[in-house]
Structures are given as C-alpha cells and as structure tokens.
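Asker: Sharing a structure with you now.
No lab work stands behind these numbers, since they all come straight from the coordinates. Quick caveat: nothing in here was measured; it's all calculated off a predicted structure. Glycine gets a Cβ as well: all are built from the backbone with ideal geometry, and neighbour counts include every protein chain shown.
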C-alpha cells in the first residue's frame with residue numbers, strides 16, 4: 001500500500017507547479033494589457049507622396065536644404081538648337097564603298113540608313129561608285145582584271161557589265177543627267193567621257209584632273225585639279241571648254257558635289273586627318289565651313305537639297321553620315337567595325 005501513496009504525491013506536486021506557472025502567465029499578460037491601456041501609442045499621420053509635393057519640399061526631404069524655385073520665364077528658357085528650314089526626311093538611295101573580308105566592295109542603302117545590302121562580290125577592289133539619275137544603275141571602278149577598269153551593275157546586284165578595256169587607270173565614273181555620257185578620271189591623263197555602253201571614250205581635259213561630277217542640268221562639270229600648282233576646285237563646260245577656278249585654299253580634297261539648283265558646290269579641305277566640309281558658290285563667293293573636326297570626306301548632296309552625305313572618322317571609325325547644308329542635324333547612317341566611305345546620293 002506504500003507505493004500507490006508515493007505516486008499520488010508526485011502527481012500532486014506536478015499539478016501544483018503547473019497551476020502556479022499558469023497563474024504567473026496570466027498576471028504578466030494582464031500587466032502588459034494594462035500598460036498599453038494606460039499608455040496608448042501616438043497616431044502617426046499618413047505620409048503624403050513626395051511626387052505630390054512642391055520642388056522645395058522634395059528637396060528639403062531628400063537633401064535637407066531647400067532649393068530656390070525655378071521659374072521658366074522667357075528670359076531663361078534654353079533656346080533650341082537651330083534647325084534646317086527644309087524638309088527633314090531622307091529620300092532616295094546612297095551607294096558607297098564598304099570594306100568586306102579585307103576587300104572594298106560596293107554597297108547600297110536607303111537614305112535613312114535602312115535596307116543596307118552588298119551589291120558586288122568581287123575578288124579585287126571595287127570603289128568610286130555613283131548612281132544613275134534614274135536610280136537603277138551603279139557605275140564604279142574595279143581592279144578585278146589587274147587594272148582599274150569601269151563597270152556597271154544594276155542596283156539590285158544583277159546585270160554586271162565591263163565598260164572599258166585598256167585605256168588607262170580609271171576612276172570615279174558618273175552618268176550625265178540626260179543619260180548620254182559617262183565622265184570619269186583617267187589617272188594622269190585628264191578627264192574623259194564615253195557613252196554608257198563604254199563606246200567612244202575620249203579625253204576632254206589633259207591635265208592632272210580628278211573626281212569629275214556633272215551639274216544638275218548637265219551643262220557643266222566640276223572637278224579637282226593641280227593644274228595651277230596646288231589642288232583646287234574647278235568648273236568647266238561639259239565639252240571641256242571655259243575652265244574656271246572656284247577655290248583658292250590650302251589642302252584641298254578631291255570629290256565635290258553640286259547643289260540641286262546648280263548654284264553651289266560642296267567639297268572638303270584640310271590637313272591629313274582633319275578635313276572639314278565646305279560649301280561655296282560656283283562663282284567662288286560665299287565660302288562656308290559646315291563641319292568642325294572629325295575628318296570629314298567626300299560630300300554628296302541629296303537630290304532634294306536638304307542633306308549632304310559624307311564619310312567621317314568622328315566616332316573612331318570611317319562611317320557614313322548626313323548633315324543639313326547649314327551644318328545642323330548631323331546623323332550617323334552606318335555603324336560597322338569595317339570602313340564605309342565614298343557615299344554618292346541618288347534617287
């Protein structure tokens with residue numbers, strides 16, 4: 001009978017301890033609730049979003065120091081960059097030289113830089129391209145036979161033709177506005193013309209003349225020449241008569257381009273690695289520089305007169321850009337690890 005009594009006593013002790021702990025817990029909770037009831041927490045106002053606050057308030061919150069209010073009055077509103085008054089759209093096609101697999105090829109793209117495609121796939125240099133007035137045929141120089149001869153190809157890359165044979169080293173062909181003649185450089189032998197099929201090639205000048213280009217009406221040809229000692233820009237009648245000097249500058253470049261109204265010429269000049277673009281009246285007056293730095297070369301006026309295409313190293317690689325004739329609106333059209341250059345604009 002002694003064992004059951006001992007077990008009952010142990011149970012009673014455990015029960016008593018549990019009751020005591022329960023009473024202590026109730027006392028603690030009662031004290032906490034009483035403290036909260038006596039000392040209620042203060043109510044914080046709902047914050048107002050910063051974006052609904054005045055500039056001074058936002059600045060004070062973020063920086064701790066308010067800024068003076070900025071008043072955009074007519075006196076301190078920044079003036080926009082000057083814009084060209086003409087049509088800002090780019091129309092037509094631009095043909096150019098593209099360096100593909102270590103060989104110069106002919107490429108073409110829309111005048112806004114879209115739809116770029118390679119036209120030639122020669123195993124030797126192909127460059128100095130221009131587009132016929134109708135926009136359908138490209139004329140260019142290539143060394144695929146070992147000598148620089150002139151060729152034509154459809155703008156889509158078909159109908160390839162060789163136009164010349166063994167009359168010299170030939171460059172920069174361009175079809176006349178009426179489609180009757182191609183003018184080109186015969187290196188060291190002056191400027192020549194021939195029919196579009198390559199027949200009847202003959203000289204119209206006999207000096208160190210290069211880079212000819214037709215006036216919009218086909219009545220004159222502009223070209224670069226060292227005939228007076230230093231290279232300058234000249235114009236002459238389409239038959240080679242009445243040669244007149246247009247520029248008198250140091251470090252003249254080669255290729256030039258007529259404005260569509262036939263009153264101005266765009267060209268480039270400057271020391272090696274620092275060429276700039278210029279515009280001048282055909283009579284040699286009103287010289288205007290339209291770029292400043294970047295080594296800019298080979299300008300070509302758009303058919304509508306609103307843009308000039310050119311090549312430039314301004315971003316570290318030779319690429320094609322366009323610019324308004326007043327020097328505004330510089331826009332990059334190509335972006336390639338290879339060199340793109342010698343742009344010529346067509347319809």
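Asker: Give me the one-decimal nm value for the distance between modelled label points at residue 289 and residue 241, 7 Å along each residue's Cα-to-Cβ direction.
Answerer: Between residue 289 and residue 241, the label points sit 3.9 nm apart.
Asker: Does the range 178-224 classify as rounded, prolate or oblate by the C-alpha gyration tensor (a ≥ b ≥ c root eigenvalues; a/c under 1.5 gives rounded; else a/b over b/c gives prolate, otherwise oblate)?
Answerer: Oblate is the answer for the range 178-224, as a/c is 1.5 or above yet b/c matches or exceeds a/b.
Asker: A follow-up question, please. Sort the range 143-196 into rounded, prolate or oblate with this rule: let a ≥ b ≥ c be the square roots of the eigenvalues of the Cα gyration tensor; rounded if a/c is under 1.5, and if a/c is not under 1.5, prolate when a/b is larger than b/c, oblate otherwise.
Answerer: oblate
Asker: Let me ask something additional. What nm value, rounded to one decimal, do you get for the distance between residue 304 and residue 145 when each label is placed 7 Å out toward the C-beta?
Answerer: My value for the distance between the label points is 4.1 nm.
Asker: Taking the Cβ-Cβ separation of residue 263 and residue 118 as r and a Förster radius of 41 Å, what is the calculated FRET efficiency to the nearest 0.05? Kindly include the intermediate steps, with their values, before the conclusion.
Answerer: Numbers: r = 36 Å, r/R0 = 0.87.
Result of the calculation: an efficiency of 0.70.
Asker: I'd like the distance between the alpha-carbon centres of the range 100-148 and the range 222-301, rounded to an integer number of Å.
Answerer: 24 Å
Asker: Expressed as a whole percent, how much of the Cα-Cα distance distribution for the range 176-307 exceeds 20 Å?
Answerer: So the pairs more than 20 Å apart make up 42 percent of the total in the range 176-307.
Asker: If you don't mind, another one. P(r) tail for the range 236-347, what percent of Cα pairs lie past 16 Å?
Answerer: Working: 3559 of 6216 pairs.
The proportion of pairs with Cα distances above 16 Å equals 57 percent.
Asker: Step by step: find N for the range 93-346, compute 2.2 N^0.38 Å, then divide the Cα radius of gyration by it. What's the final number?
Answerer: 0.92
Asker: Here is a follow-up. Stokes-Einstein at 4 °C, 1.567 mPa s, Kirkwood radius from Cα pairs: D for the range 260-305 in µm² s⁻¹?
Answerer: Reported coefficient: 116 µm²/s.
Asker: Moving on to the next point. Which order do the peptides 196-204, 246-254 come out in when sorted by mean C-beta neighbours inside 10 angstrom, highest first? Please list the in-between numbers first.
Answerer: Details: 196-204: 13.9, 246-254: 17.0.
So the peptides 196-204, 246-254, ranked by packing, come out 246-254, 196-204.
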